[in-house]
Amino acid sequence: MVNVKVFLLGLLSVLLIVPAFFATSTQAASVYRKRSTSNICHPGARCGWYVYNKTTRHLEDPHKACECPKNELCTRTEDDISISAYVYRCRPESQSGDTNLS
């Protein structure tokens with residue numbers, strides 16, 4: 001009798017937990033898809049960065065995080081020495097210099 005109760009309790013647990021797990025993973029996948037289809041930079045956010053060698057400061061690896069809105073370019077705005085990278089942010093085309101991240 002005890003084995004039947006344990007079996008039924010286990011079965012009930014599985015029936016309650018498994019659907020909740022699939023609902024959560026489906027919702028997460030849906031949110032991820034929504035974010036990936038709209039990859040426009042938020043105001044003030046980094047649109048990219050360019051990692052450089054700490055010693056030589058030669059550029060090594062560009063990373064583009066998002067796309068700037070229309071009429072703006074991803075322009076170098078600062079040097080973050082804590083991560084050895086030049087930081088790029090969206091700026092109006094009229095304010096961007098020659099250091100843009102393609």
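The figures follow:
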item	result
Filter pass, Arg91 being modelled with pLDDT of 85 or more, assigned to a loop (DSSP other than H, G, I, E, B) and out of contact with any helix residue (DSSP H, G or I) (no Cβ under 8 Å at 6 or more places or on another chain)	no
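Residues checked against (1) under 18 Å from Asn39 (Cα atoms); (2) without any contact (Cβ under 8 Å) to a residue 60 or more places away in the chain; (3) hydroxyl-bearing (Ser, Thr, Tyr); (4) surrounded by 16 or more Cβ atoms within 10 Å (Cβ to Cβ):
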| residue | (1), (2), (3), (4) |
| --- | --- |
| Leu59 | no, yes, no, no |
| Asn71 | yes, yes, no, no |
| Arg76 | no, yes, no, yes |
| Asp79 | no, yes, no, no |
| Gln95 | no, yes, no, no |
| Thr99 | no, yes, yes, no |
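The values are calculated or read from the model by the stated rules, or taken from the named source; none is laboratory data. Every value quoted in this text rests on a predicted model; they were computed, and no experiment measured them. Positions of Cβ are backbone-derived with ideal geometry, glycine not excepted, and every protein chain shown enters the neighbour counts.
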